[in-house]
Amino acid sequence: MKQFISFVIKETKHILRDKRTMLILFGMPIVMMLLFGFAITNDVKNVRTVVVTSQMDPQTQAAVERLAASEYFTITTSVPTPKDAEMMIRSQKADLAIVFSKDHAIQFIVDGSDPNMAQQWTNYANQIIVRSAFLRPCSSKLPEVERPLGLSKNHQLSIVNSKLLYNPQMKSAYNFVPAIMGMLLLLICAMMTSVSIVREKERGTMEVLLVSPVRPLMIIVAKVVPYLLLALVILSVILLMSATVLDVPLQGSLGWILVVSLIYILLALSLGLFISNIAQTQFVALLASAMVLLLPTVLLSGMLFPVESMPTVLQWVSAIIPPRYYIQAMRKLMIMGVGIQEVWQEVVVLIGMTALLLTVSLAKFKTKLE
């Protein structure tokens, strides 16, 4: 046991002495959290809005003032006809036009060159106007106008009262924080573990370790333990930043969040061990753990794009991407505040993947020792 502890202390000192390793371990999570929390965001802000109305009665004025008071919309001007609003959008002087009729029916004219943002703009405007106590059931329809190139089709909205659960302010950080946790923990644990073991092979020190009295299995465990502890520290930093800097509340049980995260960290470490068995150089290990894992995690895990919206083939591929299940579980636990019984399927999949990767990795490593 003393020899095992000595190996753990030796690996820990090696990590702490390497400034580049420490920069990756703690610099990357902080930078990624700040980027995705503030810079890379799909939040709606400062949408240039044109108001189309022939008369500004008190109810219309109240709706316009509520739009202007929000951080999402900037009222640029008021025009008398929808054609004038179209021209402003075509000339890139506005992004959205809201047409108010005399009987308080509403029509949106929106730049549809980016369909996702166009939908968000109309949804945000819808929510704000609903809360303004301005709307009542529409008694007539606005006249249709010609559909302009690059603009979404003008449509008559039947506004109803709606309620947003879990994220009423529609902040993108609520979506990104669990996704960043899944991506960072996988990349850091898999990358650092694989590079650490392959480094020993390149330098020829692995043979020295293998002839020591400590069993090969204990050598691998001793090299993994420091990264397990560091991963837990990184997880704590991410959760602290999300709660204090990004204002993302932890609705669920912190204990279950840590338990599921621990399972995922063990999976990532097992994946790093598997990569170390395949790679013969640090460059190959770094390339496999960083590049090969990064793109599937970003594109196929549900981090940026809903899995349900992907083609069927890609949905099948995403089924073998571990971050997909962790991100789903964290969104339920952290944002929705559900209990562990609501994420048992994701947990079972993560445990199964961990057991499979760990078994294959240890078996392959044992074969190499022979």
Cβ contacts < 6 Å: first residue farther than 17 Å from Ile106 by Cα, restricted to the stretch 73-95; second residue of a type in the set (D, E, K, R) and assigned to a strand (DSSP E or B), any location; separation 6+ or different chain. Result? Thr74/Arg48; Thr76/Arg48; Ile89/Asp111; Ala94/Arg48
Pick from the stretch 213-225 the residues that are at pLDDT below 75 and open to solvent by 30 Å² or more (accessible area, probe 1.4 Å): which of them is farthest from the chain's Cα centre (by Cα)? Pro213
Tally of residues being open to solvent by 20 Å² or more (accessible area, probe 1.4 Å) and not in a loop (DSSP other than H, G, I, E, B) across the stretch 98-118: 4
Of residues in the stretch 281-314 being surrounded by fewer than 21 Cβ atoms within 10 Å (Cβ to Cβ) and touching a Lys or Arg at 6+ places or on another chain (Cβ under 7 Å), the one modelled with the highest pLDDT: Val307
All helices (runs of 4 or more DSSP H) inside the stretch 1-92 with 1 or more residues being surrounded by 13 or more Cβ atoms within 10 Å (Cβ to Cβ) and modelled with pLDDT under 75: 2-17, 19-22
I'd like the residue in the stretch 304-346 that is outside any helix (DSSP H, G or I) and touching a residue at least 24 places away in the same chain (Cβ under 8 Å) and, out of all such residues, is nearest to Ser261 (Cα to Cα). Val343
For Ile263, work out the one condition from (1) touching a helix residue (DSSP H, G or I) at 6+ places or on another chain (Cβ under 8 Å); (2) open to solvent by 30 Å² or more (accessible area, probe 1.4 Å); (3) more than 20 Å from Lys332 (Cβ to Cβ) it doesn't fulfil. (3)
Residues of the stretch 226-260 being over 22 Å from the mean Cα position of the chain (by Cα) and either crowded, with 18+ Cβ neighbours inside 10 Å or not in a helix (DSSP H, G or I) (or both), in sequence order, are Pro226, Tyr227
Per the filter on the stretch 318-357, residues open to solvent by less than 60 Å² (accessible area, probe 1.4 Å) and among the β-branched types (Val, Ile, Thr) are Ile321, Ile327, Ile335, Val338, Ile340, Val343, Val347, Val349, Thr354
Given the structure, is Leu149 at pLDDT below 70, open to solvent by 30 Å² or more (accessible area, probe 1.4 Å), more than 25 Å from Ile128 (Cβ to Cβ) and part of a loop (DSSP other than H, G, I, E, B)? yes
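The values are calculated or read from the model by the stated rules, or taken from the named source; none is laboratory data. Given the structure is predicted, the values throughout are model-derived calculations rather than measurements. Here Cβ is always computed from backbone atoms with ideal geometry, including for glycine, and neighbour counts include all displayed protein chains. Remember, those area values only see protein heavy atoms, side chains included, never the ligands or the DNA or RNA. Shrake-Rupley method; radii C 1.70, N 1.55, O 1.52, S 1.80 Å.
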